[in-house]
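Each remark here refers to the structure printed beneath this line.
Bear in mind that the values in this text are calculations on the coordinates, not laboratory data. Just so it is clear, the model here is predicted, and its values are computed rather than measured. Glycine gets a Cβ as well: all are built from the backbone with ideal geometry, and neighbour counts include every protein chain shown.
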Amino acid sequence: MKTKLLILFFAFSISLYAGVKKYGKKISLKEKTKISTIIENPEKYDGKRILIEGKIVDVCETRGCWIKIAGEKDFQSIKFKVEDGVIIFPLDSKGKKILAEGVFSVTKLTKEELIESAKEIAKENNEQFDSTKITSGKTVIKILGEGAEIK
Amino acid sequence: MKKFPFRKWNNILHRDIGYLIFGLTIVYGISGIAVNHIQDWNPNYSKEEEIFSISPITQIATTDEILKESLHKLNIAETPTNYFRPDSFTIQIFFDEKEYSIDLPTGNVFLEQTHERKVLYEMNQLHLNSPKGIWTFIADLYAGCLIFIAITGLFVLKGKTGITGRGAYLTIIGVLIPIIYWIYYLYF
């Protein structure tokens, strides 16, 4: 009987572990904000703590220090950036569902700042970078990630 | 009063704790080398990339139809874990450890497969303390043991090869290496 209970306990623990993988701080918010709602009016959420749900569509290849999360609509995704080494997102998490919490940020970048930032990202991903493709400044939105749960 | 046999106990503890942390040192050492070169390679995953073509997918209105048509042209019966259209010309289709990115107007397909590097992945997870929880305590204890081993190592031998002889020079060199490098890094 004891052995059976132990087996059940371990099976249950493994199933819990296999179901959801937690990263960083515990998720504290209950109410989710839709990615499409944020993208429609980013200024409204600037500096606010938000909880989003979506699917992971891209992962930082070298350090796992950011992911892109897409919501329910095509063409829309938000970068979820975490502190290097604090959270490391696995490369094979693409396509998986995620619940992610952090502070939303809106940054207006000049053309020069944007080139510098894109150069850094290209270097991070070992990609070629062509600065002539950037012709003007841009508003960059991202979530400074603190905690996440990947299913 | 009998003198406390310091060297005897120093050597016993140095030896036994050394045995105890052998496994962890191998894990941290191998993972340390792997993670040190993170700019040059991914220490956790191996990646295979392939580019091929299918016939273009045009004149289809909805994403669901595009997905269905893409899977048909790729000859895949398996249900994807997810999909996404980053722009109007592209669809990404995700499976476990596999992603197809299709340029719809040309039919060019970029297939990327990622696989965990067996053993090394687990070593890196432990080294970088991904599990957190009790592993934090074990890793701290290990770090403490390493410091203990370093200190007791100074007193294992006496005489010419001990800390009062050659050992002193080698220890000073070892201490100077990070200091000199840091000065060089800051000012040169």
- Note on the structure: Cα-based Debye curve of region B:81-188 sampled at q = 0.11, 0.12, 0.14, 0.21 Å⁻¹ gives log₁₀ I(q)/I(0) of -0.72, -0.77, -0.86, -1.08
- Tilt of helix A:2-19 relative to the longest C-alpha principal axis of chain A, in degrees (0 to 90, nearest 10)? 10 degrees
- For peptide A:20-26, how many partner chain Cβ atoms fall within 10 Å of a residue's Cβ, on average? 1
- Taking chain A as a Gaussian network, where each spring joins two C-alpha atoms under 10 Å apart, which residue of A:LEU99, A:LEU51, A:LEU91 fluctuates the most? A:LEU91
- Short to long, in 10 Å steps from zero, the percent of alpha-carbon pairs of region B:45-116 per bin is 20, 58, 20, 2
- Note on the structure: Quick note on B:TRP135, B:TRP182, ordering by fewest other C-beta atoms within 10 Å, gives B:TRP182, B:TRP135
- Kindly provide the GluC sites (Glu not before Pro) of region B:31-109 that DSSP labels as loop, not H, G, I, E or B, and whose Cβ sees at most 10 other Cβ atoms within 10 Å. B:GLU78
- Message: Less than 14 Å Cβ to Cβ from A:LYS119, Lys/Arg counted +1 and Asp/Glu -1: what total charge do the surrounding residues give?
- Response: -4
- Inter-label distance for B:THR63 and B:THR171, nm, one decimal - labels placed 7 Å from Cα along Cα-to-Cβ: 6.5 nm
- Note on the structure: Relative contact order as a percentage, region B:45-116, C-alpha pairs under 8 Å and 6+ apart, gives 42 percent
- Above-threshold pairs, the threshold being 28 Å between Cα atoms, out of A:LYS96/A:LYS123; A:LYS44/A:LYS133; A:LYS30/A:LYS123: A:LYS44/A:LYS133; A:LYS30/A:LYS123
- Message: Within chain A, which is the longest segment that contains none of the GluC sites (Glu not before Pro) sitting in a DSSP loop with at most 12 other Cβ atoms within 10 Å?
- Response: A:84-126
- Message: To make sure I understand, if each residue's beta carbon is the centre and we count other beta carbons within 10 Å, what order do A:ILE88, B:ILE76 fall in, fewest to most?
- Response: B:ILE76, A:ILE88
- Item | Segment B:ARG15-B:LEU154, length gained on full extension (0.36 nm per residue, minus Cα span) | 48.8 nm
- Would you mind computing, in nm to one decimal, how far apart the modelled labels at B:ILE163 and A:THR37 are, each placed 7 Å from Cα along Cα→Cβ? 6.4 nm
- Exposure rule at most 12 other beta-carbon atoms within 10 Å, DSSP loop trypsin sites (Lys or Arg not before Pro): chain B longest free segment: B:4-117
- Separation between the A:ARG49 and A:GLN128 pseudo-spin-labels, each 7 Å from Cα along Cα→Cβ, expressed in nm? 4.5 nm
- Query: How much length is gained on full extension from B:THR81 to B:GLU112, taking 0.36 nm per residue of separation minus their Cα-Cα distance?
  - Reply: 9.7 nm
- Using alpha carbon positions and the Kirkwood radius, the Rg to Rh ratio of chain B is 1.27
- Query: Roughly how crowded by other chains is peptide A:88-98, in terms of the mean Cβ count from those chains within 10 Å of each of its Cβ atoms?
  - Reply: 6
- Note on the structure: Hits for chain B under the membrane-span-like helix rule (DSSP H, Cα axial span at least 24 Å, Kyte-Doolittle mean at least 0.0) are B:134-154, B:166-187
- Task: Take the alpha carbon atoms of chain A, find their radius of gyration, then divide it by 2.2 N^0.38 Å using N residues; give the quotient.
- Result: 1.24
- Can you work out the FRET efficiency for the pair B:HIS37 and A:VAL86, with r the C-beta to C-beta distance and R0 = 25 Å, to the nearest 0.05? 0.75
- Distance between region A:17-94 and region B:1-44 - C-alpha centres, whole angstrom: 38 Å
- If each residue's Cβ is checked for other Cβ atoms within 10 Å, how do A:PHE80, B:PHE95, B:PHE4 rank with the fewest at the top? B:PHE4, B:PHE95, A:PHE80
- Task: Give me the percent of Cα-Cα pairs in region A:109-151 that sit more than 17 Å apart, rounded to a whole number.
- Result: 46 percent
- Counting alpha carbon pairs within less than 8 Å and at least 6 residues apart, what relative contact order, in whole percent, applies to region B:74-188? 9 percent
- Query: What's the FRET efficiency of A:LYS30 with B:THR90 using the Cβ-Cβ distance as r and R₀ = 41 Å, to the nearest 0.05?
  - Reply: 0.75
- Query: With θ set to phi - 60° and the Karplus curve 6.51 cos²θ - 1.76 cosθ + 1.60, what are the ³J(HN,Hα) couplings of region A:44-50 in order, to the nearest whole Hz, using x for Gly and Pro?
  - Reply: 4, 9, 4, x, 9, 7, 9
- Tell me, what does the Kirkwood hydrodynamic radius of the protein assembly as shown come to in angstroms if you use every pair of distinct C-alpha atoms? 24.3 Å
